[in-house]
1. Report, by residue number, each residue of the stretch 68-97 that is acidic (D, E) and not in a strand (DSSP E or B).
2. Tally the residues that are touching a His at 6+ places or on another chain (Cβ under 6 Å), in a strand (DSSP E or B) and open to solvent by 50 Å² or more (accessible area, probe 1.4 Å), restricting the search to the stretch 22-60.
3. Would it be correct to say that R65 is out of contact with any Gly (no Cβ under 7 Å at 6 or more places or on another chain), among the basic types (K, R) and either part of a strand (DSSP E or B) or at pLDDT 90 or above (or both)?
4. Among (1) closer than 30 Å to V103 by Cβ; (2) aliphatic (A, V, I, L, M); (3) open to solvent by 50 Å² or more (accessible area, probe 1.4 Å), which single condition is A71 missing?
5. Which residues, taken from the stretch 1-21, are surrounded by 13 or more Cβ atoms within 10 Å (Cβ to Cβ) and β-branched (V, I, T)?
Amino acid sequence: EARASYVLGALDGHLVRWHANGVIAEEGDWLRAERLGWHRTYYDSGQVRTEGRWEDGLAEGLHRRFAPSGAILEECGHHRGERSGPRNLWSEDGALVWSAQYVAGEIGGAPTRYDGEPADTPPPIVEPTVETGELVVQQTQ
């Protein structure tokens with residue numbers, strides 16, 4: 001179930017969507033079909049899944065992703081929709097596993113691994129998709 005406003009067929013205003021169990025699934029503001037301000041998604045337990053700020057429909061500032069337990073899994077800076085600044089990935093038990101610095105959407109320099117694996121073996125990167133929050137595992141090269 002969802003509650004939202006539309007203007008001329010475009011999402012415009014505050015969106016709230018719920019899981020089937022009645023727990024909030026997503027909330028955030030939209031302006032002319034573009035995300036604006038803070039958006040959060042939630043697990044069906046009510047725990048925050050993702051959070052981040054949007055300007056003109058583009059990711060801006062620090063975005064975070066959490067495990068169902070509440071442990072932080074990822075923090076990444078964004079500017080005008082591109083990764084910018086530090087990006088850190090943690091294991092669900094709280095150990096920092098991987099970090100990199102981004103410049104204009106690209107990794108600037110070599111990422112760092114903290115899990116004892118060889119530096120030339122990149123970790124699997126778990127990516128939340130913006131629209132659904134579903135996780136996609138990609139092996140980086």
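1. Initially, the stretch 68-97 is screened for residues acidic (D, E), giving 74-75, 82, 92-93.
The answer is E92, D93.
2. Of the residues in that region, 1 qualify.
3. Values: out of contact with any Gly (no Cβ under 7 Å at 6 or more places or on another chain): yes; among the basic types (K, R): yes; either part of a strand (DSSP E or B) or at pLDDT 90 or above (or both): yes.
Yes: the conditions hold for R65.
4. (3)
5. Of everything in the stretch 1-21, just one residue is surrounded by 13 or more Cβ atoms within 10 Å (Cβ to Cβ) and β-branched (V, I, T), namely V16.
The values are calculated or read from the model by the stated rules, or taken from the named source; none is laboratory data. Here the structure is a predicted model, which is why all the values come from computation and not from measurement. Reconstructed Cβ throughout: ideal geometry from the backbone, glycine too, with neighbour counts over all protein chains shown. Ligands, DNA and RNA are stripped out before the accessible areas are found, and what is left, the full protein with its side chains, is counted by its heavy atoms. Shrake-Rupley method; radii C 1.70, N 1.55, O 1.52, S 1.80 Å.
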